[in-house]
Amino acid sequence: MAPKCLGIALLLVQIFIRSSFQQSSATDDSYVVGVVEFRMELLNMPIDTRTAMNLEAYKELMRSDEAKLTDIVVFPELTLNTLMDPVPVPNPEGNTIPCIPDSPELLSQLSCLAIETGKYIVINLSESFECDSLPDNDPRPCDPTAVHRYNTNVVFDRNGTLITRYRKTHLFREPGTSVTYEPEIVTFDTDFGVRFGVVTCFDLLFAEPTLELVKLGVKDFVFPAYWVSEPPFLTSVQIFESWAYGNDVNLIASGTNYAPAGSTGTGVFNGRNGAVFSFFTGKETRKIFPVRVPKLPRSNSPTTTPPKKDCKTVSGRSGGKLLDEVNMGTDIPERFTTALIKPDQVSKVFNRTVCDGDFCCDFHIDFETRGERPVSHLYRLTAFDGVRTFKGYAEAHVSICAIITCLNENLASCGLPNYESTKYLKFNEISISGDFIANGTLVMPSSLDNKFHSLDAKYYQFYSTVDYPNDRQHVQLTLSSSVSNLQTFGIYAFNHKDFDYFIPDAPPPQEDSTTTIRPASGWLLSLGLLCIGKSMIF
């Protein structure tokens, strides 16, 4: 066969093979993503050896049976190469296919891997760049003799084309890494009908570029993360689920697995339906989880369409091992205004208002205790409105109305991980409400159980009503079912000053049987029963 004909034949075979990998179409009501929890090699070996070992592990995951079920695979942050071996990334506008068979270059191998497996792949890299690549409007000095780096997400399509890149805007503990002069607003489209926004880890807590993408109507986000968990409000899958719920979007989160740094947390969070899948563990883990993701409509009404029912993908909340090995950060509870719930108090049904200055939170509580069980922890009603710091790397204005766990009566013990709950106290009813700034504020439900997952969305109702002329919103969070494993339950809000943004409508329940807030995760339970043989226990 002539070389030209052979090349055409090989191309046709390649196209046929790639098309056979596509799991979902643009007309389907769901798609399948592979989220990856990944323990990288440690920095106790030559850098090139370390990167090569991480890459081989990536390849094994991409070639696994679990990956074959997926349309797109998302890898975590900072688990491939390092600041010591950054790689240049070409401008995606060139539609470059870096794949060169047998090339040792990192981008080439990743591009070839996308072609081989027929998947979209999202990879986080340390990217090198030259000063002459900076935009003309960037006035910052740049030393042409130095090595410059970005924390960068790159995306390959099924053809191995580098279709987009995103440079992280908000850095956390990343000396030697640069940021772009202006935040990048990055999206990409897929052949299964989903447009994704691209952000990284710490970006989640800020307005730009993340909420800017929400304002543009983006409903699905790929999110590599190396999250350092901080109870009682900012543990990984807790804030991932809260953020997705508040914005009513799909958040596809892949987490770095490194318990000594407090890092674990992977999942798929389906807007106001809550978590499709959530994983949090102290155990060393390298695993890809295939998850079917319901597509959300491009409107303010959350979807009621269940995903396809199958037993090959995973759902539910899992992990749960060696949790005390996760070296979490801490908040500063001494800044909160609190009121202690005494387990032996006579009135176990009560109303209480707690104020931090002019910011007030109203609580209605109904609880009971089990006298035969020892008291393992206490609870405090909590209010806070002010500026907090993130270890000195950034600041944010937050407003909080919540119930939090304390290990004892000392306020400094509040928010610390509670590993030894006896479940001696059961909340039958909780209602928390407050008035928050409206414009620029992302207000979210925040909950945490004793396995460091959020409560299923069916266990609570969350709504807000906005007074636009006065720039206020009244927010209420209500517990819908009795629980005895709470660490946190409340309303957590970020106010982004001078940023025009309102959360998607969250109207209050109606008086009759027709309600605008449904038990959002009911279909997850039915799917879990159908697929009990695939229950997630690790």
Q | Given charges at Cβ of Lys, Arg, Asp, Glu: the chain dipole, positive-most of I491, G415, C112 | A | C112
Q: For helix 47-62, report the angle its Cα long axis makes with the longest principal axis of the Cα atoms of the chain; keep it between 0 and 90° and round to the nearest 10°.
A: 80 degrees
Q: Whole number in Å², please: accessible area per residue of the chain, 1.4 Å probe, ligands, DNA and RNA not counted.
A: 41 Å²
Q | Prolate/oblate/rounded label for the stretch 193-341 (Cα gyration tensor, a/c 1.5) | A | oblate
Q.
Within the chain, what whole-number % of the accessible surface is contributed by carbon and sulfur, with the 1.4 Å probe and all protein chains included in the calculation?
A. 53 percent
Q) Can you give the convex hull volume per residue for the Cα atoms of the stretch 126-186, as a whole number of Å³? A) 109 Å³
Q | For the stretch 88-168: rounded, prolate or oblate by the Cα gyration tensor [a/c cutoff 1.5] | A | prolate
Q) Once the Cα gyration tensor of the stretch 387-447 is diagonalised, what are the square roots of 5 times its eigenvalues, in whole Å and ordered largest first, as equivalent ellipsoid semi-axes? A) 26, 19, 9
**Q.** Two-decimal Rg to Rh for the stretch 206-279 - Kirkwood Rh, Cα set
**A.** 0.97
Q: Could you state the angle between the C-alpha long axis of helix 106-117 and the longest principal axis of the C-alpha atoms of the chain, as a value from 0 to 90 degrees rounded to the nearest 10?
A: 80 degrees
Q.
Please enumerate, by chain and number, the lysines with C-alpha under 20 Å from the C-alpha of K497, excluding those fewer than 8 residues away in the same chain.
A. K215
Q.
Relative contact order of the chain, please, whole-number percent, based on alpha carbon pairs below 8 angstrom and at least 6 residues apart.
A. 13 percent
**Q.** Cα centre as origin, Lys/Arg/Asp/Glu Cβ charges: the stretch 368-460 dipole, Debye
**A.** 220 debye
Q: Report, in degrees rounded to the nearest 10, the 0 to 90 angle that the Cα long axis of helix 3-21 makes with the longest principal axis of the chain.
A: 10 degrees
Q. Counting only the heavy atoms of the protein chains, how much of M45 is accessible to a 1.4 Å probe, in Å² to the nearest 10?
A. 50 Å²
Q) According to the Cα gyration tensor, what semi-axes, each the square root of 5 times an eigenvalue, does the equivalent ellipsoid of the chain have, listed from largest to smallest in whole Å? A) 41, 25, 23
(Q) Report the Cα centroid-to-centroid distance between the stretch 218-292 and the stretch 46-107 in angstrom, as an integer. (A) 21 Å
Q | Relative packing of peptides 167-176, 117-126, 214-223, 342-351 - highest average C-beta neighbours within 10 Å first | A | 117-126, 214-223, 167-176, 342-351
Q | Helix-only mean residue ellipticity at 222 nm for the chain, each DSSP H run of n ≥ 4 adding -39500 (n - 2.57), per residue, nearest 500 | A | -4500 deg cm²/dmol
Q: Could you sort 380-387, 103-110 so that the peptide with the highest average Cβ count within 10 Å comes first and the rest follow in order?
A: 380-387, 103-110
Q.
About the Cα centre, and with charges only on the beta carbon of Lys, Arg (+1) and Asp, Glu (-1), how big is the dipole of the chain? Nearest 20 debye, please.
A. 1640 debye
Q: Sort 131-137, 90-96, 460-466, 495-501 for me by packing, meaning the mean count of neighbouring Cβ atoms within 10 Å per residue, highest on top.
A: 460-466, 495-501, 90-96, 131-137
Q: Label the stretch 315-430 by shape, choosing from rounded, prolate and oblate, from the square roots a ≥ b ≥ c of the eigenvalues of the Cα gyration tensor; if a/c is under 1.5 it is rounded, and otherwise prolate applies when a/b is larger than b/c, oblate when it is not.
A: oblate
Q | Cross-link reach list, lysines versus K283, counting only Cα pairs under 27 Å and skipping chain neighbours closer than eight places | A | K59, K68, K312, K321, K391, K423, K451, K534
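The values are calculated or read from the model by the stated rules, or taken from the named source; none is laboratory data. Note that this is a predicted model, so its numbers are computed, not measured. Glycine gets a Cβ as well: all are built from the backbone with ideal geometry, and neighbour counts include every protein chain shown. The accessibility values were calculated without ligands, DNA or RNA, using every heavy atom of the protein model including side chains. Shrake-Rupley method; radii C 1.70, N 1.55, O 1.52, S 1.80 Å.
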